[in-house]
Amino acid sequence: MSVTIEGGASTGRLRHPVLVIMGVAGSGKSTVAGLLAGRLGWDFQEGDDLHPRANVDKMATGHPLTDDDRLPWLARVSEWIITRTSKGRPGIITCSALKRSYRDILRGEDVVFVYLAGSSDLIARRLTARLDHYMPASLLESQLATLEPPTADEHAITIDIGVTTAEQAADALQALVSV
């Protein structure tokens, strides 16, 4: 099974993958996902747009989400993924997917998690420089405390965010070839 990626590369055994671009706020999920979606021509969904209004309001006031708060959002993200995989359409969605239990909700045969990993200092600098986003930098510590990086058995790719966004996207594409 394989998918042809622009330029002739193959994703190995995956036929119609859905990439979940994951990581804490400020790791660059939206930017990397947008680059990948543009390069591949795949469906793209900004996962933050699937949050219930109550979640957005809660984060905007500086309060971290609980597991219960996240469940309706994760269900919407999962629906988006299932719609793509059931129709044989590759896609890319952003989702922090901080805990393994959250990823378990999203997991599927053709789902690959692309974890954007970097130092807390780098991510904090990015968050404080961000404009017009409801997630305040003050919530970074709670996200880092919640984060359970993917393990070897989770069908995940880890990308270092200490390089340019273009390099991150290229690294993800190169890693997909071997998935």
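Values as computed for the structure displayed
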{"item": "Filter result (open to solvent by less than 40 Å² (accessible area, probe 1.4 Å) and either within 17 Å of S30 (Cα to Cα) or assigned to a helix (DSSP H, G or I) (or both)) within segment 65-83", "result": "D69, R70, W73, L74, V77, S78, W80, I81"}
{"item": "Candidates G62, G34, G26 - the one that is in contact with a helix residue (DSSP H, G or I) (Cβ under 8 Å, 6 or more places away or on another chain) and surrounded by 14 or more Cβ atoms within 10 Å (Cβ to Cβ)", "result": "G26"}
{"item": "Qualifying positions in segment 25-42 - among the aliphatic types (A, V, I, L, M) and at pLDDT 90 or above", "result": "V32, A33, L35, L36, A37, L40"}
{"item": "Residues being under 30 Å from H16 (Cα atoms), out of contact with any Asp or Glu (no Cβ under 8 Å at 6 or more places or on another chain) and open to solvent by 60 Å² or more (accessible area, probe 1.4 Å) - total across segment 39-59", "result": "2"}
{"item": "All positions within segment 38-81 that are among the hydroxyl-bearing types (S, T, Y) and more than 18 Å from the chain's Cα centre (by Cα)", "result": "T61, T66"}
{"item": "Qualifying residues in segment 147-177 (those that are under 13 Å from S96 (Cα atoms) and open to solvent by 30 Å² or more (accessible area, probe 1.4 Å)) - the one modelled with the lowest pLDDT", "result": "L147"}
{"item": "Positions within segment 84-100 being open to solvent by less than 60 Å² (accessible area, probe 1.4 Å) and either closer than 19 Å to P52 by Cβ or under 15 Å from the mean Cα position of the chain (by Cα) (or both), in sequence order", "result": "P90, G91, I92, I93, T94, C95, S96, A97, L98, K99"}
{"item": "Among residues of segment 58-83, those that are in contact (Cβ under 8 Å) with a residue 24 or more places away in the chain, over 21 Å from L144 (Cβ atoms) and not hydrophobic (A, V, I, L, M, F, W, C), counted", "result": "2"}
{"item": "Number of the exception - T128 against (1) outside any helix (DSSP H, G or I); (2) exposed (fewer than 13 other Cβ atoms within 10 Å of the Cβ)", "result": "(1)"}
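The values are calculated or read from the model by the stated rules, or taken from the named source; none is laboratory data. Keep in mind that what you see is a predicted model, and the values were worked out from it rather than measured. Cβ coordinates were reconstructed from backbone atoms using ideal geometry, including for glycine residues, and neighbour counts include every protein chain displayed. Surface areas here come from the heavy atoms of the whole protein model, side chains and all, with no ligands, DNA or RNA. Shrake-Rupley method; radii C 1.70, N 1.55, O 1.52, S 1.80 Å.
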